[in-house]
Amino acid sequence: MTDSVEENNVHWADEAEAIKSNKPLKFVLILFKLLPTFLIHIFCYPVAFFFFIFVSHARHDAREYQKRLKEYTDGKVPAKIRGFRQILSFSLCVLEKMEGWLGKVRFDRIQYQNDDVEDILQRLKEGKGALLLTSHLGNMELLRSLQDYNTQLCGRVVPVVVVMDMKVSEQFTNTMKEINPNYSVNIVNASDIGPDSMIYLQEQAEQGALIVIAGDRTSANNRDKVIVKDFLGKPASFPYGVFLLLALMKIPVYYMFGMRSKMSPFNPKYNIYIEKSKIDFNCLRSEREARINDCCGEFVEKLEKFCKLYPYQWYNFFNFWN
């Protein structure tokens with residue numbers, strides 16, 4: 001096997017963080033305090049160019065994904081294969097996460113859609129919990145960084161509990177803690193999911209919390225526990241454990257996508273989409289596996305839908321169809 005093939009078959013959790021030190025992120029944090037936001041966004045362009053030139057696997061994976069999408073849409077989307085644009089979009093996404101936790105994202109930059117947002121807001125207003133299934137398409141932390149605004153919409157402070165693998169994003173997580181000490185308060189490490197954490201998540205949901213988890217990356221610890229679905233016309237693996245968690249929680253599941261609608265560094269705009277799952281997990285145990293499979297299929301359909309609408313905001317820089 002050649003080196004290039006071996007690199008292409010690396011599991012996402014084995015990919016080293018692109019930023020091995022949090023010093024660059026700390027430097028950006030200082031810039032946020034000293035400079036107008038639009039100037040910092042402009043700095044993304046040379047940074048993205050650096051990664052485009054020197055991080056070959058990101059450049060390759062971005063192009064392969066776009067080629068796959070273009071083939072799936074019969075050449076319609078994207079209009080052009082632009083690996084640099086996808087890497088630039090990811091650089092802006094990292095800044096937007098920091099910007100959100102610093103309280104610099106204004107509410108008038110967020111546009112909710114005429115979808116199921118009213119349904120979930122009503123549920124939260126009533127003090128009930130819900131489960132948000134997100135992905136690495138767009139900015140999945142947009143809602144979490146806008147907790148103050150969510151308070152305005154729901155009339156109460158809505159706890160947000162995020163299930164994520166903390167090890168693979170250690171540098172970014174540590175920096176975000178420095179920006180906002182509350183960043184890691186409600187994080188459940190996906191690598192440590194067990195009976196205790198399940199009880200904790202259930203208790204949080206009963207107290208009206210939002211439970212947030214991404215459904216587009218297979219487990220770092222149980223890599224063979226997957227659900228295989230056709231995604232953009234080719235079989236891809238999705239994490240069985242995530243969809244099992246949804247089934248065990250037995251609370252309404254909503255798909256959430258936070259997408260940038262305006263690429264400009266000057267006053268960028270964002271669209272938040274929230275669509276309720278049609279799958280009901282209040283069922284007999286004998287029916288659970290079929291509904292887990294159906295829920296995964298429904299999630300994949302949502303991914304394909306928003307990949308076509310926002311082709312350059314896919315941030316899985318590895319061989320997704322490995």
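Sort out which residues of the stretch 265-287 are in a loop (DSSP other than H, G, I, E, B) and either within 15 Å of the chain's Cα centre (by Cα) or touching a residue at least 60 places away in the same chain (Cβ under 8 Å) (or both), and write them in order of number. Steps first, answer last, please.
In the first step, residues of the stretch 265-287 are kept if they are in a loop (DSSP other than H, G, I, E, B); the result is 265-269, 277-284.
Within the stretch 265-287, P265, F266, N267, P268, K269, S277 qualify.
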I292, sole failed condition from (1) part of a helix (DSSP H, G or I); (2) in contact with a Cys (Cβ under 9 Å, 6 or more places away or on another chain); (3) of a type in the set (A, V, I, L, M, F, W, C): (2)
Scope the stretch 252-281; condition over 20 Å from M140 (Cα atoms) and of a type in the set (A, V, I, L, M); matching residues: I279
Filter result for F107 (touching a residue at least 12 places away in the same chain (Cβ under 8 Å), farther than 30 Å from K234 by Cβ and not acidic (D, E)): yes
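Please return the ranges of helices (runs of 4 or more DSSP H) entirely within the stretch 168-264 where 2 or more residues are acidic (D, E) and modelled with pLDDT of 90 or more. Steps first, please.
Working: elements: 170-179, 195-206, 240-249.
Fully inside the stretch 168-264 and qualifying: 195-206.
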Residue list for the stretch 265-311, restricted to those being at pLDDT below 90 and hydrophobic (A, V, I, L, M, F, W, C): F266
Matching residues, the stretch 198-220, being of a type outside the set (A, V, I, L, M), under 29 Å from K125 (Cα atoms) and open to solvent by 10 Å² or more (accessible area, probe 1.4 Å): Y200, Q202, E203, Q204, E206, Q207
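Of all residues being of a type in the set (V, I, T) and within 11 Å of C296 (Cβ to Cβ) in the stretch 221-252, which is surrounded by the most Cβ atoms within 10 Å (Cβ to Cβ)? Just the residue, please.
First, pick out the residues of the stretch 221-252 that are of a type in the set (V, I, T): 226-228, 242, 251.
Still in the running and within 11 Å of C296 (Cβ to Cβ): 226-228, 242.
Values: V226: 16, I227: 22, V228: 11, V242: 25.
So, considering only residues that are of a type in the set (V, I, T) and within 11 Å of C296 (Cβ to Cβ), the one surrounded by the most Cβ atoms within 10 Å (Cβ to Cβ) is V242.
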Residue identified as without any contact (Cβ under 8 Å) to a residue 12 or more places away in the chain, open to solvent by less than 80 Å² (accessible area, probe 1.4 Å) and within 22 Å of M263 (Cβ to Cβ) among K80, K97, K70: K70
Yes/no for I87 being assigned to a helix (DSSP H, G or I) and farther than 21 Å from N271 by Cα: no
Count - residues of the stretch 36-56 that are in contact with a Ser or Thr (Cβ under 8 Å, 6 or more places away or on another chain), open to solvent by 30 Å² or more (accessible area, probe 1.4 Å) and not aromatic (F, W, Y): 1
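Would a scan of the stretch 66-81 turn up a residue that is of a type in the set (F, W, Y), within 17 Å of F320 (Cβ to Cβ) and part of a helix (DSSP H, G or I)? I'd like the intermediate steps shown before the answer.
Going residue by residue through the stretch 66-81, those that are of a type in the set (F, W, Y) are 72.
Filter again for within 17 Å of F320 (Cβ to Cβ), leaving 72.
Next, from what is left, pick out any that are part of a helix (DSSP H, G or I): 72.
Yes: the stretch 66-81 contains one or more residues that are of a type in the set (F, W, Y), within 17 Å of F320 (Cβ to Cβ) and part of a helix (DSSP H, G or I).
The values are calculated or read from the model by the stated rules, or taken from the named source; none is laboratory data. Only a predicted model underlies this, so the values are computations on that prediction, with no experimental measurement involved. Note that we place each Cβ from the backbone using ideal geometry, even for glycine, and neighbour counts take in every protein chain shown. What goes into the accessible areas is simple: the full protein's heavy atoms, side chains included, and nothing from ligands, DNA or RNA. Shrake-Rupley method; radii C 1.70, N 1.55, O 1.52, S 1.80 Å.
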